[in-house]
Amino acid sequence: MCYTYLRGGVKIGEAKCYHIGFQRHFKAKHIAINRQTSLSRLLADALEDIVEREDTYNKAKARQLAAMKNGFNLGVKGKIDWKREDLHAR
């Protein structure tokens with residue numbers, strides 16, 4: 001069911017409702033039962049996991065972009081005294 005929320009007779013918003021098929025709902029309920037939790041808690045845990053993984057990914061991405069921007073000390077002090085051909089000579 002979807003509801004419209006009213007405050008003082010003024011419409012302030014509607015709940016978003018998403019429907020899944022009966023079979024998926026039935027399977028989800030059994031997963032929740034097997035985990036000894038409610039379907040709502042199962043969904044909340046899944047959403048928390050998605051948000052946590054997204055946060056972790058974004059932190060790792062920012063860290064790697066900063067590392068690429070700063071570069072790495074390769075010990076050459078800005079001077080390269082060899083040629084590419086020398087490194088790949090056969």
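A few points about this structure:
- Each residue in segment 45-88 was checked for being assigned to a loop (DSSP other than H, G, I, E, B) and among the aliphatic types (A, V, I, L, M), and 3 of them qualify.
- Flag for Leu87 being within 25 Å of His19 (Cα to Cα) and at pLDDT below 95: no
- Output for segment 7-24, where each listed residue is modelled with pLDDT under 90 and of a type outside the set (A, V, I, L, M, F, W, C): Arg7, Gly8, Gly9, Lys11, Gly13, Glu14, Lys16, Tyr18, His19, Gly21
- Screening Thr56, Thr4, Thr37 for residues that are touching a strand residue (DSSP E or B) at 6+ places or on another chain (Cβ under 6 Å) and either exposed (fewer than 10 other Cβ atoms within 10 Å of the Cβ) or at pLDDT 95 or above (or both) leaves exactly one candidate, Thr4.
The values are calculated or read from the model by the stated rules, or taken from the named source; none is laboratory data. Bear in mind that the values here come from a model prediction, so they are computed numbers and not experimental data. Positions of Cβ are generated from backbone atoms using ideal geometry, with glycine treated the same way; all protein chains shown enter the neighbour counts.
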